[in-house]
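Working notes, beginning with the structure itself.
The values are calculated or read from the model by the stated rules, or taken from the named source; none is laboratory data. Just so it is clear, the model here is predicted, and its values are computed rather than measured. Heads up, the Cβs are rebuilt from the backbone with ideal geometry, glycines too, and the neighbour counts pull from every protein chain shown. In case anyone asks, the SASA skips ligands and DNA or RNA and just uses the protein heavy atoms, side chains included. Shrake-Rupley method; radii C 1.70, N 1.55, O 1.52, S 1.80 Å.
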Amino acid sequence: MNILDCIGEPCPLPLMKVEKRIKDLNRGDKIYIEVDHTCAMTNVPEWARKRGYDVEVEEVSFGEWKITVTKR
Amino acid sequence: MSGRLQSLKDDKTFYQLVISQAIDRPWPYWFGGILLALFNLLYVIITGHYWGISNNLARWGAWVLEKVGVNSSQWIVWTYYDYYTEPWLDKQTWSNLGIIIGALIAILLTQNFKLKGIKDKKQFIMVLVGGWLMGYGSRIAIGCNIGGLYSSISSLALNGWIYLPFAITGVYFGNKIIMKLLL
């Protein structure tokens, strides 16, 4: 499982980390990013959609989100 | 149960809808830019001075040092901008507090307010070093990116345009360092 624990990390670190990690993934692979910074919740999905990846955002608990990106 | 009652119960109230549309999501850059310009005009008209942030932090720092016995009010740096024996009389104190309180009100309205801890030792050190570099940098440049860049360029001062290429260079290398250290 590809899990990026970005809890407690401010922008733009979550986005930079996904950008780096996704290079090693194959098409169809999923990566899970755990964030608690509201702007990461906006800019990570925005970046992923621009690249044509599938994105899902789920609020795991108050103020913590799990973003699932599927590489295409 | 009628559909209307159901939707009132499940969906957001009118108030929540307005908040989520107006505050919760980021504004487009052009809209924020126009607002910044308008409020900057207001600031200059009302206070008769350009908007700045970090000079005030230096004034408070010097005030604290004076209290513990350092003769900081005599430093040469005060020939570049005014020293305040009572930094709470500095209007920047209040505009800085306004930024913090305004941000707090916005996050409270969206009901997203949450206290966050420190992730690990590394983040703790990075935050301290980063804050120190920002503070030191803004002092040797006699202005941060607000007083030295934004307010300078918008008041047609040449120093803002000199500030810009060096700030961009700094951001470029800063990013490289972050990538090396944090990723």
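The table below gives the values:
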item	result
Label-point separation in nm, B:Thr47 to A:Asn43, each point 7 Å along Cα→Cβ	2.7
Relative contact order (%) - criterion: Cα under 8 Å, at least six apart; region: chain B	22
Per-selection Rg to Rh, the range B:116-183 - Cα, Kirkwood hydrodynamic radius	1.08
Inter-chain Cβ neighbour average for residues A:4-13, partner chain, 10 Å	3
Helix A:38-50 axis, angle to chain A major axis (alpha carbon atoms, nearest 10°)	10
Burial order of peptide ranges B:133-145, B:61-73 (average beta-carbon count within 10 Å, highest first)	B:133-145, B:61-73
Cα-derived Rg over Rh, computed across the range A:2-70 with Rh taken as Kirkwood radius	0.92
B:His49 accessible area, assembled protein chains, probe 1.4 Å, Å²	80
Interface area, A with B, accessible, probe 1.4 Å, both sides summed, Å² nearest 100	1200
Cα centroid separation - the range B:144-161 against the range B:163-183, whole Å	20
Percent carbon-and-sulfur accessible area, chain A, ignoring ligands, DNA and RNA, probe 1.4 Å	46
DSSP beta bridge pairing in the range A:2-70, given as percent antiparallel to the nearest 5	75
Order by protection proxy (mean Cβ within 10 Å, highest first), peptides A:41-54, B:118-131	A:41-54, B:118-131
Chain lengthening between B:Leu133 and B:Thr85 when straightened (0.36 nm per residue, less Cα-Cα)	14.7 nm
Theoretical gain in end-to-end length, B:Thr169 to B:Ile140 [0.36 nm per residue, Cα-Cα removed]	8.8 nm
Mean ellipticity per residue at 222 nm, deg cm²/dmol - from DSSP H runs of n ≥ 4 across chain B, formula -39500 (n - 2.57)	-20500 deg cm²/dmol
Dipole axis of chain B (+1 Lys, Arg; -1 Asp, Glu on Cβ), positive-most option in B:Ser73, B:Ser20, B:Leu156	B:Ser20
Cα centroid separation - the range A:1-63 against the range B:69-85, whole Å	47
Label-point separation, B:Trp60 to B:Asn159 (7 Å along Cα→Cβ), nm	2.2
Test item: B:23-29 mean partner chain Cβ contacts at 10 Å	1
The range B:116-183: relative contact order as a whole-number percent, Cα under 8 Å and 6+ apart	13
Flagged links, alpha-carbon separation over 24 Å, of A:Lys23/A:Lys50; B:Lys12/B:Lys116; A:Lys17/A:Lys50; A:Lys30/B:Lys12; B:Lys91/B:Lys119; B:Lys121/B:Lys180	B:Lys12/B:Lys116; A:Lys30/B:Lys12; B:Lys91/B:Lys119
Beta bridges per DSSP with both ends in the protein assembly as shown, % antiparallel, nearest 5	75
Nitroxide proxy distance, nm - points 7 Å out along Cα→Cβ at A:Asp24 and A:Val60	1.9
Descending principal axes extents, the protein assembly as shown, alpha-carbon based, whole Å	69, 50, 39
Number of partner chain Cβ atoms within 10 Å, mean per residue of B:109-120	3
Among B:17-23, B:53-59, the order from most to least packed when residues are scored by Cβ within 10 Å on average	B:53-59, B:17-23
